[in-house]
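Values in this text are rule-based calculations from the coordinates and carry no lab data. Bear in mind that the values here come from a model prediction, so they are computed numbers and not experimental data. Ideal geometry is used to build each Cβ from the backbone, glycine not excepted, and the neighbour counts take in all protein chains shown.
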């Protein structure tokens, strides 16, 4: 059986004259391509964010004034921490303008939370596609499997003799649909969990950074 499947031509496996099997395989291939595209893009974005966060945080912890931090923010523009810093600093600057004192700390904290929320939403963009692909493609593959088996039995019922050549194409469609569904689902599921954990880690670091930012504000205006 395995040797026979290996001998089948690609034209027999991807046969447009079999619209259902062809559509199932095409859909699974497109889902897999979309999944890998999101995985590579999201991986690069997250790695750049982590590296930029580390660089900005080192500068932040050594800085003594907001002027030094605003200059560093331009250097590490890819860092989610910089976006959160900008949210907080905008409110600090508004409150301290002309008075050199902070009147409403909770408002600064709310601005920081808005910045954190916005950055996490950016990082999570398109992650729902990975979850969808991971959960749906096995069922699409299963549908192709069932359809391939139905084709095999129909070919068997219409054939005067029982042979592997008669049922082989239908069985091949069934097995390939199963494999294609798993090939699309497994990387998407692994990437969704792994990248999601990294995004959660970034979120935790942003929460910690917001506390450091408020400490910096207090040292600057109340020290």
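What FRET efficiency would be calculated for the residue pair residue 104, residue 68, taking the C-beta separation as r and a Förster radius of 30 Å, to the nearest 0.05?
0.75
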Starting from the 7 Å offset along Cα-to-Cβ, what nm value, one decimal, do you get for the label separation of residue 193 and residue 136?
2.2
Restricting things to alpha carbons, find the Rg to Rh ratio for the stretch 15-222 using the Kirkwood radius for Rh.
1.31
Applying a 10 Å radius around every beta-carbon, put 211-217, 179-185 in order of their mean neighbour count, most first.
179-185, 211-217
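Give me 23, 35 sorted ascending by neighbouring Cβ count inside 10 Å, so fewest comes first.
23, 35
I need the calculated FRET efficiency for the pair residue 90 and residue 129, taking r as the beta carbon distance and R₀ as 41 Å, to the nearest 0.05.
For residue 90 and residue 129, the calculated efficiency is 0.80.
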Label-point separation, residue 143 to residue 36 (7 Å along Cα→Cβ), nm
2.3
Quick one: if the Förster radius is 25 Å, what FRET efficiency do residue 207 and residue 97 give, using the C-beta to C-beta distance and rounding to 0.05?
0.35
